[in-house]
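To start, the structure under review is shown below, and the notes come after it.
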Amino acid sequence: MTNQLLNASEIRELAAKLNLKPTKKLGQNFVIDQNTVEKIVRVSGTNTESVVLEIGPGLGSLTLALLAAGAKVVAVEIDNRLAEILPNTVADKGFKKEQLQVVNKDAMNLLPNDLASAPDTLVANLPYNVSVPVILHILEHFPSIKNYLVMVQSEVADRLAAKAGSRTYGSPSVKLQWYADVSIAGQVSRNVFWPVPNVDSDLVSFKRKSNIDESMRQDLFAVIDASFSQRRKMLRSCLSAMCGGSEKASEILKSANIDPQLRGEALQVADYVRLTNAMKTSGITMKSNRL
Ligand code: SAM
């Protein structure tokens, strides 16, 4: 497989040909280590049957490893120059062009209609600054994707996989864990990237749950956002504006079997689901500024 991948000097040559100066704004840190991309593909379980959505293929290191595993790949890249050159790189390495679709777009605006085939897997070395919103956008719009393996900075990985009660547990943890079963799948050293970022990365694996009630997502996410809006405050205060007073908030929390004096980080996903249903039963309108 190795000769079909890009090595460090080929990556630098490609970048030089494009006169590419990697930008922090687009999280452009390219993997230059073949063992790392092979490991990512192995851990993701990608095989000849897979249709993989890759967000941010960059110069193509991971894309080539996915193609070498026999998968069909849909690669979504925001940077025009990178999107344009990718089909040539793939052809130069001997892959058939039918195996790849490149979509030159911001992943935050990606919809199923943009893709020629429905993906079942997402594999990505995500741009750091948009990793959480991109993950939530894809989960919302692509129910066909059952398996996810993403590389994100370690702090974000900790937050995504955090359990209730831990310091890093917050709204991204609850939202992702509502959609999926989440686990950390390995560490990645900063030294496998060019340019070298000033943080380490982790692989996060998640499997979409089969019983998601999509019709409650907006209400649920509004309740989660409100519950974490003031970390040091009790739930009855955080939810007071939404419920029309902290007494009403306490009453609804109690009806859902939740102590109003707890803080948002104490509740599990199932508690948030119960709370949202209790709010709905009480006629509360749940609106979030963050959606
Ligand atoms: N996959 C490549 C690799 O592993 O070497 C590059 C990964 S690099 C961390 C992130 C890539 O995402 C860059 O190519 C960047 O241009 C692209 N990108 C950044 N923001 C994006 C967005 N909103 N939508 C799609 N691609 C984006």
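Worth pointing out:
- Counted over all Cα-Cα pairs of region 215-281, pairs farther apart than 18 Å make up 21 percent.
- Shape of the chain, Cα gyration tensor, a/c cut at 1.5: prolate
- The C-alpha atoms of the chain define a longest principal axis, and helix 217-227 lies at about 70 degrees to it.
- For the chain, averaging the sequence separation of C-alpha pairs within contact (under 8 Å, six or more residues apart) and dividing by the residue count gives a relative contact order of 14 percent.
- Under a 5 Å amide H cut-off, with hydrogens placed 1.01 Å from N, Ser201 pairs with Ser154, Val188, Arg190 among residues at least 5 apart or on other chains.
- Amide H contacts of Val74 (H built 1.01 Å from N, under 5 Å, at least 5 apart or other chain): Val52, Leu53, Glu54, Gln101
- Between helix 8-17 and the chain: long-axis angle, C-alpha atoms, 0 to 90°, nearest 10: 90
- C-alpha long axis of helix 34-44 to longest principal axis of the chain, angle in °: 40
- Debye, to nearest 20: dipole size of the chain, +1 on Lys, Arg Cβ, -1 on Asp, Glu Cβ: 660
- Put in line by how crowded their Cβ is, counting other Cβ atoms within 10 Å and starting with the fewest, Met242, Met279 read Met242, Met279.
- Antiparallel bridge percentage (DSSP; both residues within the chain; nearest 5): 50
- Exposure proxy ranking for Leu26, Leu239, Leu176, based on other Cβ atoms within 10 angstrom of each Cβ and starting from the fewest, stands as Leu26, Leu176, Leu239.
- Cα-Cα over 25 Å, subset of Lys72/Lys207; Lys25/Lys209; Lys175/Lys207: Lys25/Lys209
- Once C-alpha pairs closer than 8 Å and six or more residues apart are averaged by separation and normalised to the residue number of region 166-291, the relative contact order reads 25 percent.
- Relative contact order of region 215-281, defined on C-alpha pairs under 8 angstrom at six or more residues apart (%): 33
- Virtual spin-label span in nm between Thr23 and Asp106, 7 Å along Cα→Cβ: 1.2
- Between Ser154 and Gln230, the FRET efficiency estimated from the beta carbon spacing at R0 = 35 angstrom works out to 0.85.
- Note on Glu140 and Gln261: the extension gain reaches 40.4 nm, defined as 0.36 nm multiplied by sequence separation minus the Cα-Cα distance.
- Per-residue 3J(HN,Hα) values for region 131-138, derived from phi via the Karplus relation 6.51 cos²θ - 1.76 cosθ + 1.60 with θ = phi - 60°, read 4, 5, x, 5, 4, 5, 5, 5 Hz in sequence order (x marks Gly and Pro).
- Going by neighbour counts of Cβ atoms within 10 Å, the residues Thr121, Thr168 line up, fewest first, as Thr168, Thr121.
- Applied to region 250-262, the Karplus parametrisation 6.51 cos²θ - 1.76 cosθ + 1.60 on θ = phi - 60° returns per-residue 3J(HN,Hα) values of 4, 4, 5, 4, 4, 5, 8, 6, 10, 5, x, 8, 5 Hz, with x for Gly and Pro.
A short reminder: the numbers here are calculations on the coordinates, not readings from a lab. Computed from a predicted structure; not experimentally measured. With ideal geometry, Cβ positions are generated from the backbone for all residues, glycine too; neighbour counts draw on all protein chains shown.
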